[in-house]
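J.: For reference, the structure I am asking about is given below.
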């Protein structure tokens, strides 16, 4: 007879696992859904604005778009459409005389859409496609649009559009006060000219429809009107300084409280404006074709105006075709830098240039990392800045030999000046664009398109996609 004794306090009960518990547990990983590559943000930007250029070019080619009532050559129509969408300002024909009111309206709306920033339009496109942007893309949008949170992109986009239109109408009112009645223009024509020039200045587009004067372009007659030049300078700065900097300046209002990005933009922009004004003033002071006919105050005001406009907008009161070689050699560098990130300006951006300069200064001081204003710049941002700058230089180095072959009769400095202006979507010109061959104009079309989309799509492509879990062994390389 078996007797079950009660367990003693020190006894332990051992339970054997069941057979089904000994088998391994199989878990099928959930496959992450990735949007098709054709629907990624860089491709949306590329196809979206290529379609906009295509539509604008076809509309400008119609007889209704020209004052002559005849079809416009496709190369001319697409060149103008590309220049308007990329807010460059390069023109093959006179905007005010060649195009009808319908054609001018097409250029206006293309310039308007292009100037509202590709990031704003990207937000609208993503919303229309009902596609949720990736974390890296939202981080780039966040950094570009100057927001503090990841939500509410649509509301912030709406606020940006409202503020921009308020600036448009304010600038148009100030311009109207000066040009009303010019050459017998009525109220309607003066309002249209004022609104067009205000949008062109804020969008850094470089287009102007003002009637030509014996001194040159339509703006040349205003070389001695400091108030109008100051209005245009204010519009250009507001459009080219970037959403991030504007929001930060508005909220903190003291330089010491600004974030590092805004400090770099403000300090670098001021330095470039001063350097550009001094270079132009010294180079053109005695040039009878540019500054020698102006008084001292007008020389100073025009130097400041062209220094600000020369990096981003392309509006000019002087003929750069008659400028000194020193000006044609130095101003492409300013145009190549361009405006701030998240702005309507082109170029490799002031932020990129500032990070590279900070890295150089830190290296000269023997610092192991890039530092500015008591803050350290991360290594991946420094590499991104170097990549954008080097690729921009490589692109210019690639197209210049091609242009010298297609345009053998054009002086090299003039060709370099206009090519860099096209890449940086500035619009300054020495006057060679109308005389370019069809191949040369097509190269300029591609240059404007790449110059506008390149830095933005490159920033999206370089956004960190995943965390690297390993690093290689470091090894020294001889430098210098």
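J.: How much length, in nm to one decimal, is gained on full extension between residue 376 and residue 361, taken as 0.36 nm per residue of separation minus their Cα-Cα distance?
T.: 4.1 nm
J.: What ranking do 388, 410, 163, 87 get, fewest neighbouring Cβ atoms within 10 angstrom at the top?
T.: On the way: 388 23, 410 19, 163 13, 87 34.
Going from least to most buried by this count: 163, 410, 388, 87.
J.: How far, in nm, would the chain grow between residue 188 and residue 163 when pulled straight, counting 0.36 nm per residue and subtracting the alpha carbon separation?
T.: Values: separation 25, 0.36 × 25 = 9.00 nm, distance 2.44 nm.
My answer for the length gained is 6.6 nm.
J.: Rounded, prolate or oblate: which fits the stretch 36-462, taking a ≥ b ≥ c as square roots of the Cα gyration tensor eigenvalues, rounded meaning a/c under 1.5, else prolate when a/b beats b/c? Mind dumping the intermediate values first?
T.: Values: a/c = 1.37, a/b = 1.20, b/c = 1.14.
Cα axes put the stretch 36-462 in the rounded bin.
J.: Which distance in nm do the two modelled labels at residue 383 and residue 333 give, with both placed 7 Å along the Cα-to-Cβ direction?
T.: Once both label points are built, they end up 2.9 nm from each other.
J.: List residues of the stretch 265-299, by number, whose backbone nitrogen lies under 12 Å from a label position 7 Å along Cα→C-beta of residue 224.
T.: Inside the label zone: 293-299.
Every read-out reported here was derived from the displayed coordinates using simple, explicitly stated rules and does not represent laboratory data. Keep in mind that what you see is a predicted model, and the values were worked out from it rather than measured. When we count neighbours, we look across all protein chains shown, and the Cβ atoms used for this are built from the backbone with ideal geometry, even at glycine.
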